[in-house]
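No value in this document is a laboratory result; all are computed from the given coordinates. This structure is a prediction, so every number in the text was calculated from the model and none was measured. As a convention, Cβ positions derive from the backbone with ideal geometry for all residues, glycine included, and neighbour counts pool all protein chains shown.
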Amino acid sequence: MRSYCAVYVDVGYLLASAATRVTGSSLRSGIEVDYPGLIAGLVAQVEADSGLPLLRVNWYDSGARSGGQPDYHQDQIGLLPRIKLRLGRLSYAGEQKGVDVRLGLDMALQGRARVADVVYLVSGDDDLTEAVEEAQSAGVQVVLLSVPAQSGHGHAVSKHLRRAADGEQPIDAEIIDRCVRSRAIAEGLIPTEATEGTAEEPALVPNGASPVPPTPPVESADASPADIAIATPTPGRTLEPGHDEPSSDKTSAAGTVAKPASPTPAVFGRKRATEVVLPAAQPSPTWSSSTGERPIVDEDGVFNPELIDVVAKAVLDSWCRTATPAALLALREAQPTIPGELDRALLLDLSGRAGVYDIDDASRHAVRERFWFHLARVRLA
């Protein structure tokens, strides 16, 4: 009987950890992923490590559409060769349901059937520890594949899961860096002035704003539509001297009315993906219990307030990179309710940075309070 290797991918862990490596926050909406390239890289790595051909990649995620149905990207992933799409569903609160259960059951049952001799698990979830041990009891070797953090260590992997597995190896960092990209435009690619031949087009500054007086930070969480309108002038409209409102046309010396030039696609192509920015953050502090500085988590299980502040700021900064003024207004109007994706990112990032699986209630409330504090500082560029 021919031997095979198999891969079980917890997509929530894979993308959240990859996003943390690339953007500093676990928000999935902040990244773009080359899924065929990412999967091909994983397959090549496990076949080279095990010396066995791949049976299949089992891909576990929550269906992005209502009723647990796949979205466009998930449909395309399911059509790839040797890929088994296994979808859970999203609750009304935006939480994944059924994903971990499917993964654990599949690993245990397929382990008993010995469909593969070596199994690679891409996850860090403590809840999968028992499924790993069940597969091992049938003679299957289980190896963890973790996403490497910038430090080189596996990101957000439970200690119990590490102890139960037969080994752990990081996913090739080159695969992650090549296939996972931030949705924000790199600062070096943002033009600082209009290109030659487009003198009538407004020059762009590094923050992606037109050269108008800067808008002061919005200190209150209660923003009105007027706050947003002030910071988003209409392209192609100019202010005439002595007028409070922009004029839609200009009169030439010959007396003819000249319509303003419409923005070209190049203008929009040079704009950033967002007009919402968080004021520059200070460098992240470091923590060390061996140097006498305040530890990450004290003896009562309470997290360092500086770490809580850094996490809240990083999550909001990642959200700002792709947010729109309308999204900012909607988020402020929803206070004190934090959307599910943002709330999960806050707790996951806090747990990952501290290396602590359980977060006490006081620290949960504290990181949410700091999130709202920094949201009040968000301004429009």
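Worth pointing out:
- Considering only alpha-carbon pairs that sit under 8 angstrom and 6 or more positions apart, the relative contact order computed for region 5-182 is 27 percent.
- Amide hydrogen neighbours beyond the local backbone of residue 155, cut-off 5 Å, H modeled: 147, 149
- Label positions at residue 49 and residue 95, each projected 7 Å from the Cα along the C-beta direction, are separated by 3.1 nm.
- Nearest-20 debye value, region 5-182 charge dipole, Cβ charges on Lys, Arg, Asp, Glu: 300
- Antiparallel DSSP beta bridges within region 5-182, percent to nearest 5: 25
- Shown in residue order for region 312-319 are the 3J(HN,Hα) couplings computed by the Karplus curve 6.51 cos²θ - 1.76 cosθ + 1.60 at θ = phi - 60°: 4, 5, 5, 5, 5, 5, 5, 5 Hz (x for Gly and Pro).
- Model label points for residue 377 and residue 66, set 7 angstrom from Cα along the Cα-to-Cβ axis, are 4.0 nm apart.
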